[in-house]
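Trainee: Sharing a structure here in structure tokens format.
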Amino acid sequence: MANIHIERDHGLTQAKARAAAEKLARDLSKRFELAYAWDGNDIAFERPGLTGRMQVGRKSIALDVTLGFLLSALKPTIEREIHATLDRLAPVRKRR
């Protein structure tokens, strides 16, 4: 098994952060055939060999994914896709 943890600050309102998280979940759902559902401000998702949770906070988005044995080999690809999608939907807020 392999784990992925990604956390990013964002400069979005809570509503815009939730919208970006929804777009990310929808995009990952299409690319990796995931089922997902909202639970408060979190999105839980799964498919055979993969489970995860995205927490949408006021200042950050955190994503935790556990990959099964077969998908572990795809960890770099999955991480890269998540980062690219986050870059597009919720750019990193610059700290002062």
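Trainee: Would you check the chain for Lys pairs whose C-alpha atoms are within less than 23 Å, ignoring same-chain pairs closer than 8 in sequence, and give me the count?
Mentor: Final tally of qualifying lysine pairs is 8.
Trainee: As a test question: what accessible area, to the nearest 10 Å², does K75 have when a 1.4 Å probe is rolled over all protein chains in place?
Mentor: Only protein atoms counted, so the area is about 60 Å².
Trainee: Another one. In whole Hz and in residue order, list the ³J(HN,Hα) couplings for the range 33-42 that follow from phi through the Karplus curve 6.51 cos²θ - 1.76 cosθ + 1.60, θ = phi - 60°; x for Gly and Pro.
Mentor: 6, 8, 9, 9, 8, 6, 9, x, 9, 10
Trainee: Okay, moving on. Calculate how steeply helix 14-32 sits against the longest principal axis of the alpha-carbon atoms of the chain, using the helix alpha-carbon long axis, and give the answer as 0 to 90 degrees to the nearest 10.
Mentor: Approximately 20 degrees, to the nearest 10.
Trainee: Moving to a separate point now. Using a probe radius of 1.4 Å on heavy atoms only, what accessible surface per residue do you get for the chain? Whole Å² is fine.
Mentor: Here the per-residue accessible area is 62 Å².
Trainee: If you take Rg/Rh (Cα atoms, Kirkwood Rh) from the coordinates, which of [x] 0.92; [y] 1.04; [z] 0.96 do you get?
Mentor: The calculated read-out lines up with [z].
Trainee: Still on this structure: Report the gain in length on full extension from E33 to A2: 0.36 nm times residue separation, minus Cα-Cα distance, nm rounded to one decimal.
Mentor: 9.3 nm
The values are calculated or read from the model by the stated rules, or taken from the named source; none is laboratory data. These numbers come from a predicted model, not from an experiment. For the accessible areas, the whole protein counts, side chains as well, though only heavy atoms, and no ligand, DNA or RNA atoms are used. Shrake-Rupley method; radii C 1.70, N 1.55, O 1.52, S 1.80 Å.
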